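Structure first, commentary second.
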Amino acid sequence: MPNLSFVTPTRNSPWGTYLSQIDAVEPYLGKLARWVETLRRPKRALIVDIPIELDNGTIAHYEGFRVQHSLTRGPGKGGVRYHPDVTLEEVMALSAWMTIKNAAVNLPYGGAKGGIRLDPKQLSLKELEKVTRRYTSEIGIIIGPTQDIPAPDVNTNGQIMAWMMDTYSMNVGATATGVVTGKPIPLGGSLGRVAATGRGVFVVGREAMRRLNVPMEGARVAVQGFGNVGSVAAKMFAANGAKVVAVQDHTGTIHNDTGLDMQDLLDHVARVGGVAGFKGAEAIANEDFWDVKTDVLIPAALEGQITAERAKRLHTRIVLEGANGPTTPDGDAVLAERGIIVVPDVIANAGGVTVSYFEWVQDFSSFFWTEDEINVRLDKILIGAFKGIWETSEQHRIPLRTAAFTVACTRVLQAREERGLYP
Ligand code: GLU
């Protein structure tokens, strides 16, 4: 492991996971391997203090981050996460996965990510707005429409993007719609952006199922995480003939062997805030989620979920990574040994950033597309990218993750070489 003083990864921690993925791709980079060390360190990492006055008059401080892993192929791009477990190490890994993801689908971006270490459920709306605005001001020295463009991630949404856009705009004295994506439609947001990540998970999953001869009709699907990614993906699988047999979220795990009624479940979650207590299913223990018999298992929550222990228990043919970094290196090794195909995050969940790119392009040209145009272009990009990765995987007889990294790292390092070292 390279010796960076500001991070101490372990084998299965987020940055450790990313480093082991880079180790795996190195033999497939040919002469470009000379540049691979570039990928093992972030270009730039900013740590900011965010003080705000709480509603009760006390002053609270939060830790905020923005990491630009690579700006080689274009501006930084990647979401902002609000979570009590956010660390510099996690944001570094997430920013690096954005570099790989953006290159894997050939978007003209580098990779970046941001985060604030806080539990948004503990804050009022006013407090959340203050944190967001102060954070945006603090990272304002490195973000911008042609520098680095944040977007939603875990626990952030269109409202947060609106505050970020407004704060940045006030600071520069001009309305800069292109500084963030995932904005509400009236502020230059794009149709289809909210559903894009989940839609992409479905589209890429369907391609993988075709290649592996897993019929969609009646396919058994389980989803961990029922937020913006998991819920949309589950709904699309069900609408296309699959059976969603289990769902887990932060409130609990539910199971129904004949398939959950998606509309009823979505209504229930909208009403009570989580899947627990849903009448159309039996509650099972959280750990039993990993034993449910499925064709497609979709981790769509946080990193590090599919450990070696859980990987040994899975009864599935395909792991379709809706989350970023849900499988540890040890988990990956067990899945490979057991012949379970992993469709990696960097292609499976790339639909979100792809429509973010469409949003950014629309903002720059001040010309907006129909939802149909968005979805047709999104599907085309993802299907094309998946095909290239599948073929690379067959050519070298390597897992899809290593194939995706081969395609992506080749693009990044080719650009690196052509730009040359400065000075
Ligand atoms: N947070 C999303 C991701 O992990 C989207 C990032 C973006 O749209 O820039 O890919």
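Quick notes on this structure:
- At the residue level, residue 393 shows approximately 20 square angstrom of accessible surface with a 1.4 angstrom probe and all protein chains present.
- Debye intensity ratio I(q)/I(0), log10, the stretch 341-401, q values 0.12 Å⁻¹ (C-alpha model): -0.38
- Here is what passes the span test in the chain: the DSSP H helices with alpha carbon length of 30 Å or more along the helix axis and a Kyte-Doolittle mean of -0.5 or above are 371-396.
- Share of carbon and sulfur in the accessible heavy-atom surface of the chain [1.4 Å probe, %]: 52 percent
- The distance linking the stretch 340-414 with the stretch 126-183 is 25 Å (Cα centroid to Cα centroid, whole angstrom).
- Here the label points at residue 175 and residue 282, each 7 Å from Cα along the C-beta direction, are separated by 5.6 nm in the simple model.
- Anchor residue 279: lysines whose Cα lies under 26 Å away (excluding residues fewer than 8 positions away in-chain): 121, 235, 243, 293
- If R0 is taken as 45 Å, the Cβ-Cβ distance between residue 11 and residue 125 corresponds to a FRET efficiency of 0.65.
- Extension reserve of the residue 3-residue 291 stretch, reckoned as 0.36 nm per residue once the Cα distance is removed: 99.8 nm
- Choice from 39, 125, 191 with maximal GNM fluctuation in the chain (Cα, 10 Å cutoff): 125
- For residue 148, distant residues with modelled amide H under 5 Å away: 76
- Proximal lysines relative to residue 126, as straight alpha-carbon distance under 20 Å, when same-chain residues fewer than 8 apart are discounted: 183
- Counting only protein chain heavy atoms and rolling a 1.4 Å probe, the accessible areas of 28, 18 rank, largest first, as 28, 18.
- Extended-chain gain in nm, criterion 0.36 nm per residue less alpha-carbon gap, residue 418 and residue 157: 90.2 nm
- Cα-based equivalent ellipsoid, the chain: semi-axes from gyration tensor eigenvalues, Å: 30, 27, 21
- Gain upon complete extension [residue 368, residue 315; 0.36 nm per residue less C-alpha separation]: 14.7 nm
- Test item: Cα-centred dipole of the chain, Lys/Arg +1 and Asp/Glu -1 on Cβ, debye: 1000 debye
- Whole-number accessible area per residue in Å² for the chain, which is evaluated in the context of all protein chains at 1.4 Å: 41 Å²
The values are calculated or read from the model by the stated rules, or taken from the named source; none is laboratory data. Here the structure is a predicted model, which is why all the values come from computation and not from measurement. Ideal geometry is used to build each Cβ from the backbone, glycine not excepted, and the neighbour counts take in all protein chains shown. Protein only, heavy atoms only, side chains kept; ligands, DNA and RNA dropped before computing areas. Shrake-Rupley method; radii C 1.70, N 1.55, O 1.52, S 1.80 Å.
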